[in-house]
Amino acid sequence: MTFNPLNRFAVYRALRPQNARTRQDIDEFRDRRIRKLVRHAYRNVPYYRELFDKHDVRVDQITEARDIARIPITRRLDVQAASISDRLARGVNPSKLIVRRTTGSSGQCLELMRTWSEEQVLNLMRWRALRAYGLKRSDVIAVPRVPVGKHPRDYQLPRRIADAMGFYRKALIDLTTVDDASRILIEREPEVVMGWPTILADLAPRWNALRRPRTKPPKFLISGGEMLSPYARQQITEGFGAPLYDMMGAHEFSLLTWECQSTHHYHFSDETIYAEVIVDGRRAEPGEEGELVVTGLHSFAMPFIRYNIGDLVVQGSSQCECGAPFSTMRSVRGRTGEYFSLPEGRRVHPQDIVRMSFIAATWIRNLQVVQIDQSHLELHVVPVRPPTQEEIERINISVAKVLWGVATLEVMIVPDIPVAYDTKFRVHRSLVHEKV
C-alpha cells in the first residue's frame, strides 16, 4: 500500500471504506495510538501514574500493542474506587465534557467522560460498520425504543447536518406512546431497523402478520445491547424476511465488534480499541474462552487502558477469514459476574444452561433460567408446541453435564415470559443474588 499521511488521522480512516486498509496499516496505526496514549496517561492521569509506578511499568518499554501486557489489568471496581479527578487527564475541563453513566452486573454506577471530538470519532467508526452492511446515505434507520435523554453537551451538530441533507436519517419509534410499533414500521418502510433483540423479536411476527403484499422488508436489521439468542435471531429473520447482524458495544468504548456477514464471527473495531481475550493471565488462542480486556485508542480525556469489561468471549483469528483486515472473536458467552454459585464451591454460567437447552430441544420458542436457591434451578420454557415428557427429560440430561451433580433443574412449561421495552431482557435470574 502506498504511504498516505492522512491515514494517521482517525476521522479520515472513519470516512474511508473498512477494507481501504491492510492488516499491517491497522497494526501500525494502533501501535502509534498506544504509544501516545500510554505516555499521555502516565504524564497526565494520576490513576495511571500511580498504577504504573506501583508495578514498575516504564512507558518507554511500551512501543507496540503487545507490550501493553506489561500494564496490570484494571477492573470496574478499581475504576469505581478512584475519584473522578484521579481518572481525568490534567488540564481537561470537566464542565465541557460529555458524561456517560452506566451500571453493570454490580448495579453500581460508573461515570465516564469524553470530549465532543472523541465522541464524534467513535460515532463515525460505528457508521462505517453500518455502511459495510450496505447502508446508503439516503436510507432511513428506524429505532424502536424507549427514548433516553441526550447529554446537554452532546450538541448533535453532525446529526443535525445529516438530517438537513437527508443522510442516514434516524426515525425513533417511541415505545412509550406507540401501541403498535409494527404498524408504524409498515407505514414508514425504513431500509434498516435497529434495536434490542427482544424488542425486534417481539415486533417481527406482528410486522409479518400486518404487512401488505407490496410492503418492502428492511434491507437488514441490527441488534445490540443484549445477548442475541438463537430463538430471537430466528424470530427476527423469519418475521421480517431480512438478514440480521449483531453489534456489541460498551459505554466506555462505544463500538466493540460487529458481526461478519460471511463467517458470522465478530470483527473487532481495531481502529478504536485494542482488544485482548485473557485466560489464566495470558492471551487466549483461537477457540479459547476468556475475559475481554479492552484499551480505548481515542479516549484521552479519561483513558481506559487494559480494562476488563466483564464479558466472556471466545477468541477468533488474528484476521477475519472473509478477507477484511480485522481481528475477530467467535462468540460472546456472557458476563463474568453472572455465574450462579452452586453447592460445594461449584459454579455454572447460565449461558451454558441456555446453550445446552437449545441444543437438546428444537421445540423451544423462548426460555429463562431462574436460580431459586444454590441447589435448585428452574428453566421456564415457552414451547413452539407441547413437548413430550421424553423431550423434556432430554433437557435435564443435557444440562446435568454442567451442574456438576450438585444442583437440580426443573423444566417448567409456561405460556409466556414477560419482557419490558424499557429494560433489557435477562435470559437468566438468580433469586439467590437478588436476596443478598
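Computed from the coordinates by the stated procedures, all read-outs in this text should not be read as laboratory data. Computed from a prediction, not measured in an experiment: that's the story for all the values here. Cβ: placed from backbone, ideal geometry, glycine included. Neighbour counts: every protein chain shown.
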Checklist line | Residues with amide H under 5 Å from that of L403, placed H, sequence gap 5 or more | finding: none
Checklist line | Qualifying trypsin sites (Lys or Arg not before Pro) in segment 6-68, DSSP loop, other Cβ atoms within 10 Å at most 16 | finding: R58
Note to self: Under 5 Å between amide hydrogens, which residues at least 5 positions from Y168 or on another chain qualify, with H placed 1.01 Å from N in the peptide plane?
What the structure shows: S138, D139
Checklist line | Amide H contacts under 5 Å for K219, placed H, 5+ residues apart | finding: V192
Note to self: Could you derive backbone 3J(HN,Hα) for segment 355-361 from the dihedral phi with the Karplus parameters 6.51, -1.76 and 1.60 (θ = phi - 60°), listing whole Hz in sequence and x where the residue is Gly or Pro?
What the structure shows: 4, 5, 5, 5, 5, 6, 9
Check: In percent, how large is the relative contact order of the chain, given Cα pairs closer than 8 Å and 6 or more residues apart?
Finding: 13 percent
Notebook entry, point to check: What order do you get for W116, W196, W207 when you list them from fewest to most C-beta neighbours inside 10 Å?
Noted result: W116, W196, W207
Item checked: Rg/Rh (Cα only; Kirkwood hydrodynamic radius) as it applies to the chain -> 0.97
Checklist line | Lysine-lysine proximity count for the chain, Cα under 17 Å, sequence distance 8 or more or distinct chains | finding: 6
Next item on the list: Report Rg(Cα)/(2.2 N^0.38 Å) for segment 339-435, keeping two decimals.
Entry: 1.05
Next item on the list: State which stretch of the chain is the longest one without any exposed GluC sites (Glu not before Pro), exposure meaning a DSSP loop state and at most 16 other Cβ atoms within 10 Å.
Entry: 65-287
Notebook entry, point to check: Could you give the distance between the Cα centres of segment 225-303 and segment 162-221, to the whole Å?
Noted result: 24 Å
Item checked: Lys, Arg +1 and Asp, Glu -1 on Cβ, resulting dipole of the chain about Cα centre, debye, nearest 20 -> 1720 debye
Check: In sequence order, what are the phi-derived ³J(HN,Hα) couplings for segment 200-210 according to the Karplus relation 6.51 cos²θ - 1.76 cosθ + 1.60 with θ = phi - 60°, rounded to whole Hz, with x for glycine and proline?
Finding: 4, 5, 6, 6, 4, x, 5, 4, 5, 6, 8
Margin query: Once the convex hull of the alpha carbons of segment 258-369 is built, what does its volume come to per residue, in cubic angstrom?
Written below: 149 Å³
